[in-house]
1. Going through segment 107-139 one residue at a time, which ones are at pLDDT below 90 and either within 24 Å of residue 177 (Cβ to Cβ) or in contact with a strand residue (DSSP E or B) (Cβ under 9 Å, 6 or more places away or on another chain) (or both)?
2. I'd like the full set of residues that are within 20 Å of the chain's Cα centre (by Cα) and not in a helix (DSSP H, G or I), limited to segment 110-129.
3. Looking at 46, 68, which is the one that is more than 16 Å from the chain's Cα centre (by Cα), farther than 18 Å from residue 195 by Cα, buried (at least 18 other Cβ atoms within 10 Å of the Cβ) and at pLDDT 95 or above?
4. Can you name the condition, by its number, that residue 192 falls short on among (1) assigned to a loop (DSSP other than H, G, I, E, B); (2) touching a strand residue (DSSP E or B) at 6+ places or on another chain (Cβ under 7 Å)?
5. Which of the residues spanning segment 31-43 are at positive phi and either modelled with pLDDT of 95 or more or outside any strand (DSSP E or B) (or both)?
6. Given the criteria surrounded by fewer than 15 Cβ atoms within 10 Å (Cβ to Cβ), modelled with pLDDT under 95 and more than 21 Å from residue 227 (Cα to Cα), does residue 74 qualify?
7. Please pick out the residue among 17, 48 that is more than 19 Å from residue 216 (Cα to Cα) and either in contact with a strand residue (DSSP E or B) (Cβ under 6 Å, 6 or more places away or on another chain) or not in a loop (DSSP other than H, G, I, E, B) (or both).
8. Please work out which residue is nearest to residue 21 (Cα to Cα), limiting yourself to segment 74-88 and to residues that are outside any strand (DSSP E or B) and touching a strand residue (DSSP E or B) at 6+ places or on another chain (Cβ under 6 Å).
């Protein structure tokens, strides 16, 4: 598991159409549309409270939009029941959180292998794939406790965990927000190399305009819609 799935012609892995999401007294998403193809990276920025995190949670299946549809790997998750969503998410989505959200009592290898076993891989295969992936990403698998890793190393473990099941779509929520400048650049370089290496789509939500500029497309949430970001629309 060091090179990802073989390249295939670009296809749409995420298509969100006419998304609408409201909270009392406020509309966060209003007929928002978004597509992400395999091999492509898309960054979404916007002012705090604009709806970019809501968009990510809808795509992840943790929030249900009030209208519209979200097709991931060709299936509309909005119409799925909770259990169906969870199974589809395990198979087709990898998630990288701002603070990694690793289990500190487990080793890096165990953190990554656990995600594979939860998706149905047998223990031997899960650990072998996890070890190969961590080696590829330059993270110690056994020798260092997860709690002793640097911030950059923890995020690389989080990336490995997100990739272990070879997802169609990789999501990242402020993936460099808790890192110093050196680790921020290193993790960003890794993340934006993944779509082509792993033939997946990448959707990044970030406040960092410099990080967003690395994406193939940089969009901004404005008045509930996703539009091409302009220089003055710094996140």
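1. 137, 138, 139
2. 119
3. On the way: 46 fails: at pLDDT 95 or above.
Unique residue meeting the criteria: 68.
4. Exception for residue 192: condition (1).
5. Going residue by residue through segment 31-43, those that are at positive phi are 31, 39.
Matches in segment 31-43: 39 only.
6. Details: surrounded by fewer than 15 Cβ atoms within 10 Å (Cβ to Cβ): yes; modelled with pLDDT under 95: yes; more than 21 Å from residue 227 (Cα to Cα): yes.
Answer is yes for this residue.
7. On the way: 48 fails: either in contact with a strand residue (DSSP E or B) (Cβ under 6 Å, 6 or more places away or on another chain) or not in a loop (DSSP other than H, G, I, E, B) (or both).
None of the other options fit; the residue is 17.
8. Step one: of segment 74-88, the residues outside any strand (DSSP E or B) are 74, 77-88.
Narrowing further to those that are touching a strand residue (DSSP E or B) at 6+ places or on another chain (Cβ under 6 Å): 77-78.
Working: 77: 15, 78: 12 Å.
Among those residues, the one meeting the criterion is 78.
The values are calculated or read from the model by the stated rules, or taken from the named source; none is laboratory data. What you see is a predicted model; the values in this text were computed from it and never measured. Reconstructed Cβ throughout: ideal geometry from the backbone, glycine too, with neighbour counts over all protein chains shown.
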